[in-house]
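The block underneath contains the structure these notes are about, expressed in structure tokens.
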Amino acid sequence: MAGGKLSLSASSPRVDFHVDMGNPFLNRAADGFLTIGAVAVTKVVAEDTYHCLRKGSVSEHTLKETFKKMCKEGAYWGAVGGTYAGMEYSIRRIRDRNDWKNALLGGFITGALVSAASKKSRDEVVKGAITGGAVATAARFINHLG
């Protein structure tokens, strides 16, 4: 029996977009806002396109509602992404280290802030902080696997 090897390679398109606000903290926060906000907008477009295709029609009202959802989700998730990017950068500068603990602390603080800003109970704020820290740390580890 002959042996074989399968190798796959994929590369995503890259769009270089740089905003220079004159301050590294603000640059990171703006980049996080734009990156995660764009992901949220794309999610809304994909979901609403599916619903329109399934329904078989598109109306002006549907387009207006989609645009509103794009703005709302983009702004919300962009704010979360910008907050996390700013927190993680600040913690890295304070600790003078670049390791997984920065992601943990940045996610923890961001999760707590987002939950508190949403007027959640104390237990929900703690859960949000733990979830934020866990997700950020897991993402950091997954990012560094390959």
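What follows draws every value from the coordinates through simple rules; no lab data is involved. None of the values given here were measured: they were computed from a predicted structure. We place every Cβ from the backbone using ideal geometry, glycine too, and count neighbours over all the protein chains shown.
Things to note:
- Stretched out straight at 0.36 nm per residue, the stretch from LYS64 to HIS18 would grow longer than its current Cα-Cα span by 13.6 nm.
- For ALA75, the shell of other residues with beta-carbons less than 12 Å away shows a net charge of +2, using +1 for Lys and Arg and -1 for Asp and Glu.
- The order of THR83, THR62, going from fewest to most other C-beta atoms within 10 Å of their C-beta, is THR62, THR83.
- Pairs over the 24 Å Cα-Cα cut-off, from the set LYS69/LYS119; LYS72/LYS120; LYS101/LYS127; LYS43/LYS119; LYS43/LYS72; LYS72/LYS119: LYS43/LYS119.
- Cα shape, region 99-146, gyration tensor, a/c 1.5 rule: prolate
- Model label zone, TYR76; criterion: amide N under 17 Å from point 7 Å along Cα-to-beta-carbon; scope region 112-141: 112-121, 125, 128-129, 132
- Across the alpha-carbon atoms of the chain, the computed radius of gyration and Dmax are 19.3, 65 angstrom.
- If the Kirkwood radius is taken over C-alpha pairs of region 24-79, then at 25 °C and 0.890 mPa s the Stokes-Einstein diffusion coefficient equals 205 µm²/s.
- Long hydrophobic helices in the chain: the complete DSSP H runs spanning 15 Å or more by Cα along their own axis with mean Kyte-Doolittle hydropathy of at least 0.0 are 24-55, 100-117, 122-143.
- In the chain, helices alone account for a calculated mean residue ellipticity at 222 nm of -26500 deg cm²/dmol, with every DSSP H run of four or more residues adding -39,500 (n - 2.57).
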